[in-house]
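Student: Questions regarding the structure given below will be posed in turn.
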Ligand SMILES: C[S@@+](CC[C@H](N)C(=O)[O-])C[C@H]1O[C@@H](n2cnc3c(N)ncnc32)[C@H](O)[C@@H]1O
């Protein structure tokens with residue numbers, strides 16, 4: 001497969017592994033206790049910090065990264081050298097891919113500055129087979145007369161983690177009022193409203209049975225127009241006429257058309273790739289909403305309209321799924337996900353995490369009525385935790401940061417060993433059994449009275465206790481400070497002992 005190359009690409013690729021794991025410091029909780037997370041910090045570090053807990057669990061990622069327009073906005077710079085932009089995106093996209101669930105999808109908002117390079121980059125990271133589509137969003141409706149061309153659209157580049165899984169689970173759009181209003185009932189059919197579709201098909205692939213003179217109930221003869229045939233055979237059309245499924249107009253003299261009933265219509269609409277401002281809003285529309293929200297505050301330059309994000313989240317998720325935005329800006333994705341009863345994670349580097357996202361989300365919790373609130377009947381509730389990036393889990397020489405608590409190290413070890421996210425908060429030395437192997441962690445005070453003065457040692461008494469925690473006679477991996485059991489005993493018990501921190505790999 002042809003790949004994109006640029007200066008320092010190799011470094012961008014290796015940087016994913018080299019980014020250290022960091023702790024997340026919980027600073028405050030807003031509203032009711034909830035899983036939702038707002039993180040202030042560089043998303044490269046924040047995404048890596050999330051991996052042990054969320055890898056494979058996120059259903060929908062929407063990101064709106066700086067487009068590299070070579071401008072300096074009030075709240076962030078959008079001026080990277082072209083290669084530097086690609087190097088910035090590469091490792092973040094790799095981490096985002098690892099966070100997605102098998103039926104998950106990633107939607108990237110972008111414009112012509114980098115869209116076509118981003119497409120090739122995402123082909124490499126997500127696989128060409130997982131490219132779903134590029135959506136054109138009409139982001140402005142007014143003409144920009146000072147430019148050579150008035151640019152009125154942006155793109156949403158959509159990739160699935162695994163295309164067939166996404167295709168099988170994505171949602172249709174709701175039938176709009178406009179579509180519903182096309183169904184009428186001029187003949188008072190007891191089966192309800194219907195619309196008519198052509199009874200003709202292209203003649204190209206027709207069989208001889210589709211060419212005949214159709215006789216209407218009033219005796220009028222109809223022939224298919226040149227180059228077309230009847231959609232139904234003569235036999236089938238007869239039964240359809242008897243069933244009152246063919247419409248010949250009010251006076252019975254019209255060309256035959258097939259009745260399609262609203263009750264039998266697909267409950268939703270297949271999403272199209274052209275998203276008009278009249279349906280999902282514009283940038284200006286989003287700014288007006290922010291002006292209503294922050295009457296006296298400074299305005300964020302490049303917000304997305306809530307209705308645009310609502311459509312993305314509607315197609316890609318169901319209530320309670322996790323939505324993530326790692327370039328959160330003014331907090332639109334988090335606000336919309338919250339109003340749609342999804343769980344969410346938002347990451348923002350700038351101070352507007354505090355000056356815009358927190359107050360906006362507090363208003364949402366209090367039942368803010370703007371944006372999509374009316375459309376989704378939002379009346380308030382829920383909450384979120386605000387975190388910043390803490391210290392690295394491992395110091396530069398590899399020694400474990402003593403600030404790491406049991407549950408956090410357990411989550412890292414579980415993820416490093418099994419490649420799966422931490423199932424729950426760990427409170428027990430038996431982390432779990434995966435593919436027939438039981439994983440144990442002896443760390444901090446988890447051994448209680450069994451802990452020796454020298455630390456968390458694996459002794460015969462400790463092993464007896466560990467064995468009592470689960471009926472498991474298969475292989476085990478035990479992490480601890482040291483083992484007092486000899487190689488023969490360990491082999492006989494099918495135990496692999498790993499020493500902390502030297503055997504905690506992947507950092
Ligand atoms: C285009 S704005 C997003 C706007 C957002 N969609 C909204 O509706 O308000 C891009 C945001 O990404 C943030 N950003 C840029 N680099 C980042 C990084 N390395 N980590 C986290 N956020 C970053 C910027 O501060 C900016 O707020």
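FYI, it's all coordinate maths here, none of it is from the lab. What you are looking at is a predicted structure, and each value in this text was computed from that prediction instead of being measured. Please note: Cβ atoms are built from the backbone with ideal geometry, for glycine as well, and neighbour counts cover all protein chains shown.
Student: How would 146, 354, 57, 342 line up from fewest to most surrounding beta-carbon atoms within 10 angstrom?
Tutor: 146, 354, 57, 342
Student: Would you calculate a helix-derived [θ] at 222 nm for the chain, using -39,500 (n - 2.57) for each DSSP H run of n ≥ 4 and dividing by the full residue count, to the nearest 500?
Tutor: -8000 deg cm²/dmol, from helical runs alone.
Student: Cut-off is 10 Å between beta-carbons; in what order do 92, 170 appear when sorted fewest neighbours first?
Tutor: Fewest-to-most Cβ neighbours within 10 Å comes out as 170, 92.
Student: Please figure out what share of the DSSP beta bridges in region 444-507 is antiparallel and state it in percent, rounded to the nearest 5.
Tutor: 10
Student: Then there's this: Once every Cα of region 30-173 carries one equal point scatterer and solvent is ignored, give the base-10 log of I(q)/I(0) from the Debye formula at q = 0.08, 0.09, 0.15, 0.19 Å⁻¹, two decimals.
Tutor: -0.26, -0.33, -0.88, -1.27
Student: Just to be sure I understand the curve: with the Debye formula and one point per C-alpha of region 1-79, what is log10 I(q)/I(0) at q = 0.11, 0.19, 0.26 Å⁻¹?
Tutor: Each listed q maps to, in turn, -0.47, -1.21, -1.30.
Student: Using r as the Cβ-Cβ distance of residue 489 and residue 27, and R0 as 35 Å, what FRET efficiency do you calculate, to the nearest 0.05?
Tutor: About 0.15, to the nearest 0.05.
Student: Distance between Cα centroids, region 475-507 to region 142-174: provide it in whole Å.
Tutor: If we compute the Cα centre of each part, the gap is 51 Å.
Student: Give me the angle, in degrees from 0 to 90, between the Cα long axis of helix 115-126 and the longest principal axis of the Cα atoms of the chain, rounded to the nearest 10.
Tutor: 60
Student: Shifting gears a bit: When ranked by the protection proxy of mean other Cβ atoms within 10 Å per residue, highest first, what sequence do the peptides 313-319, 47-53, 324-330 form?
Tutor: Going from most to least packed, we get 324-330, 47-53, 313-319.
Student: Output needed for region 278-327: three equivalent-ellipsoid semi-axes, defined as square roots of 5 times the C-alpha gyration tensor eigenvalues, in descending order, whole Å.
Tutor: 23, 13, 9
Student: Roughly what % of DSSP beta bridges within the chain run antiparallel, to the nearest 5?
Tutor: Restricted to the chain, the bridges split so that about 60 percent are antiparallel.
Student: Determine the distance separating the Cα centre of region 24-41 from the Cα centre of region 46-68; give it in Å without decimals.
Tutor: Distance between centres, Cα-based: 16 Å.
Student: At R0 = 45 Å, how high is the FRET efficiency between residue 465 and residue 355 if r is their beta carbon distance? Nearest 0.05 is fine.
Tutor: After rounding to 0.05, the efficiency reads 0.30.
Student: Quick one: work out the % antiparallel among DSSP beta bridges in region 406-499, nearest 5.
Tutor: 30
Student: Sequence gap at least 6, Cα distance under 8 Å: using those rules, report the relative contact order of region 318-431 to the nearest whole percent.
Tutor: With pairs under 8 Å counted, the relative contact order is 16 percent.
Student: May I pose another question? For the Cα atoms of the chain, what angle does the longest principal axis make with the long axis of helix 9-18, in degrees from 0 to 90, nearest 10?
Tutor: Around 60 degrees separate the two axes.
Student: What is the helix-to-structure angle for 82-99, meaning the angle in degrees between its Cα long axis and the longest Cα principal axis of the chain, kept from 0 to 90 and rounded to the nearest 10?
Tutor: 80
Student: Okay, next question. How large is Rg over Rh for region 177-264, taking Rg from the Cα atoms and Rh as the Kirkwood inverse mean of 1/r across Cα pairs?
Tutor: 0.98
Student: Which whole number in µm²/s is D for region 154-216 by Stokes-Einstein, with the Kirkwood Rh taken over Cα pairs at 37 °C and 0.692 mPa s?
Tutor: It diffuses with D of about 191 µm²/s by this estimate.
Student: Along the three principal axes, how long is region 328-404 when you take its alpha carbons, biggest first, rounded to the nearest angstrom?
Tutor: Principal extents (Cα only, largest first): 54, 22, 16 Å.
Student: As a footprinting exposure proxy, order 69, 169, 176 by other Cβ within 10 Å, with the fewest listed first.
Tutor: Neighbour counts put them in this order, fewest first: 176, 69, 169.
Student: Which whole-number percent gives the relative contact order of the chain, counting Cα pairs below 8 Å spaced six or more residues apart?
Tutor: Averaging sequence separation for qualifying contacts and normalising by length gives 20 percent for the chain.
Student: Could you give the alpha-carbon Rg of the chain over 2.2 N^0.38 Å, rounded to two decimals?
Tutor: 1.27
Student: Moving on to the next point. Assuming 0.692 mPa s and 37 °C, estimate D for region 406-499 with Stokes-Einstein, Rh taken as the Kirkwood radius over Cα pairs, in µm²/s.
Tutor: 246
Student: Report the FRET efficiency, 1/(1 + (r/R0)^6), for residue 6 and residue 176, where r is their Cβ-Cβ distance and R0 is 30 Å, rounded to 0.05.
Tutor: The computed FRET efficiency comes out at 0.10.
Student: In whole Å, what is the distance between the alpha-carbon centres of region 453-470 and region 322-397?
Tutor: For region 453-470 versus region 322-397, the Cα centre distance is 43 Å.
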